[in-house]
Amino acid sequence: MMERNYYEIDETMAKQAQSMWSFSDYVMGSKTEEYRKLVDEAYHLADEVANKKPERAEEAYILVDRYAKKLANNLNASSRMELMCPSVMLVGAAKFPVQKKEKQNKARERNQEEYEKIQNYLNKIKDLLYKEEKILIGDKDVISKLQKRLDSLLQQQEKMKEVNAYYRKQKTLHGCPNLTKEEIESLQLEMQDPSRYTEKPYLSWQLTENGQKIRKTRKRLASLKAAKEKESSEQETNYFKVVENTERMRLQLFFDEKPEIKIRELVKQRGFRWSPKNQCWQRQLTNNARYALQSLIETLDRMVEEQKKI
C-alpha cells in the first residue's frame, strides 16, 4: 500500500483562532489529529481500490494526495478566517465590529463551499472502487479490458459459490480461505440484517445478477472479436466514401467537400458526428449504424429524384 502523505496544519494559528471565539484552552495537535483522521479515511478507500482494482490504484492515490493537500489548505484557511473577527461574547456588544463580522461570515461561506467541493475527491475514489469502468467500443484496448472484466466476473461468481458452500458446511465464515478479515466482518454485518430471508453470505439474486453480467460481457466480447477480425473496408457511393474502420470500430463518411447544411442535418439525425481528428463524419460501427447509413443514402436518393422532377 502507498505510504501516507500529510500536509502541515498550522497549530499555532488554530490555537489563536480558538481564542477569538472561545474561553476554553486549545489542545495543541488537535487540529492535526482531526485532519489526519480524515486523510486516513481517504487512504483507506484508496487502499481498497489498490486491492480490488490494482490497475486503478495510481489514479486513486493521486486523488487522495490532492484531497489531502486541499483539505489542509481549507482547514488552515478556516483558522485564518476566525482571526478576522472575535466573538461578541469576548469583546462585548458595544465594541463589536459589525462590518468585520459580515466579511468574516462571507469568507466562511466561501470556505465551506470549497470544503464541499473537496469532498468530491472522496466521491471520485468511491467511484473507482464501486463503479464499473465504462468500456467504450472505440477504446484501443477494448478487447483486453472486456476480457479482464469477464475474468473478474467469473472469479467473483466462483468466490460467491465457494463462500456459500463453506458456510453451509462450517456454519461460520471464520477461517474461510476465500475471504479477507475485512470481507468476513462486512458479510457478517450484512447477514445480521433482520430483513434478510436467509443466512447465506451471498444471496441468490447476487449470483443471478453476476451471471447476467457474465453472459452480457461474453456476448459483447465475442461480437467485438468477430468485428475486429474483419479488415477495414471501403466503398464509394454517389455522395461520399464509406469506410468500415474495424481498428477504431467506427463507420466513417468522407465527403469530397463540405456538404450543404441540409445534408449535414440529415447526417446528424442519423447519429453521425464530425471528427476533426479524422476529417470525417462517424459513429460506432454497429448494425444500427449500417441501418442508419442505408436510411441516409435512400433519403439522399429521393432528394435527387425530386430535384429531377422540378
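The values are calculated or read from the model by the stated rules, or taken from the named source; none is laboratory data. Just so it is clear, the model here is predicted, and its values are computed rather than measured. With ideal geometry, Cβ positions are generated from the backbone for all residues, glycine too; neighbour counts draw on all protein chains shown. Only protein heavy atoms, including side chains, enter the accessible area calculation; ligands, DNA and RNA are left aside. Shrake-Rupley method; radii C 1.70, N 1.55, O 1.52, S 1.80 Å.
Maximal additional length on extending the Lys219-Thr180 stretch stands at 10.8 nm, based on 0.36 nm per residue less the C-alpha distance. Straight Cα distances below 18 angstrom link Lys277 to the aspartates and glutamates Asp139, Glu244, Glu247, Asp256, Glu257, with same-chain residues fewer than 8 positions distant left out. Name the residues of the stretch 162-177 whose amide N is less than 16 Å from a point 7 angstrom out from the Cα of Arg196 along the C-beta direction? Under cut-off, by backbone N: 162-176. A 1.4 Å probe over all protein chains sorts Ile62, Ile143, Ile297 by accessible area into Ile62, Ile143, Ile297, starting with the largest. Entry for the chain at q = 0.13 Å⁻¹: log10 I(q)/I(0) = -1.03, Debye formula applied to identical alpha-carbon scatterers, no solvent contribution. Listed by chain and number, the aspartates and glutamates placed with their C-alpha closer than 16 angstrom to that of Lys216 are Glu132, Glu133, Asp151; residues fewer than eight positions away on the same chain are left out.
Once the Cα-Cα distance is subtracted from the 0.36 nm per residue extended length, the Lys161 to Gln147 segment shows a gain of 2.9 nm.
Which pairs in the list Lys126/Lys148; Lys148/Lys181; Lys70/Lys213; Lys69/Lys124 are over 27 Å apart, alpha-carbon to alpha-carbon? From Lys126/Lys148; Lys148/Lys181; Lys70/Lys213; Lys69/Lys124, over 27 Å: Lys70/Lys213. Placing dummy labels 7 Å off each Cα toward the beta-carbon, the span from Lys52 to Tyr130 is 0.9 nm.
Positive-end ranking of Leu266, Gln252, Ala227 along the dipole of the stretch 227-267, with charges on Cβ about the Cα centre, is headed by Leu266.
To put it simply, the accessible area of the stretch 155-265 at a 1.4 Å probe is 46 percent carbon and sulfur. Were the residues from Ala227 through Gln294 laid out at 0.36 nm apart, the gain over their Cα-Cα distance would be 22.2 nm. Given R0 = 35 Å, the distance between the Cβ atoms of Asn278 and Gln212 translates into a calculated FRET efficiency of 0.50.
Taking a ≥ b ≥ c as the square roots of the Cα gyration tensor eigenvalues, with a/c under 1.5 meaning rounded and otherwise prolate when a/b beats b/c, else oblate, which class fits the stretch 147-218? Here the stretch 147-218 falls in the prolate category. About its Cα centre, the stretch 187-278 has a charge dipole of approximately 100 debye under the convention of +1 per Lys or Arg Cβ and -1 per Asp or Glu Cβ, with nothing else charged. Calculated from the alpha-carbon coordinates, the stretch 1-56 shows an Rg and a Dmax of 16.0, 51 Å respectively. Cross-link partners of Lys309 among aspartates and glutamates, defined as those whose alpha carbon lies under 18 angstrom from its own and excluding same-chain residues fewer than eight positions apart: Glu298, Asp301. To the nearest 10, the accessible area of Thr180 is 60 Å² with a 1.4 Å probe. Per-residue SASA remark: Val242, around 10 Å² accessible (1.4 Å probe; ligands, DNA and RNA not included). Surface exposure of the stretch 226-308, expressed per residue as accessible area with a 1.4 Å probe, stands at 67 Å². Remark: the chain carries a charge dipole of roughly 800 debye about the Cα centre, counting +1 on each Lys and Arg Cβ and -1 on each Asp and Glu Cβ. Each Lys and Arg contributes +1 and each Asp and Glu -1, all at the Cβ; summed about the Cα centre of the stretch 28-88, the dipole is approximately 200 debye.
For the chain, the relative contact order works out to 12 percent when only alpha carbon pairs closer than 8 Å and six or more residues apart are counted.
Projecting the Cα positions of Ser195, Tyr166, Thr180 onto the charge dipole of the stretch 166-221 (unit charges on Cβ atoms of Lys, Arg, Asp and Glu, taken about the Cα centre) puts Tyr166 furthest along the positive direction. Calculated mean residue ellipticity, 222 nm, the chain: -21500 deg cm²/dmol, from DSSP H runs (n ≥ 4) at -39500 (n - 2.57) each, averaged per residue and rounded to 500. In this simple spin-label approximation, Tyr6 and Asp40 carry label points 7 Å from Cα along the Cα→Cβ vector, and these lie 0.9 nm apart. The candidates Asp47, Asp151, arranged from most to least accessible area with a 1.4 Å probe in the full protein assembly, appear as Asp151, Asp47.
Accessible surface of Lys69, taken over heavy atoms with a 1.4 Å probe and every protein chain present, rounds to 100 Å².
For the stretch 148-217, the per residue solvent-accessible surface stands at 68 Å², with DNA, RNA and ligands left out and a 1.4 Å probe.
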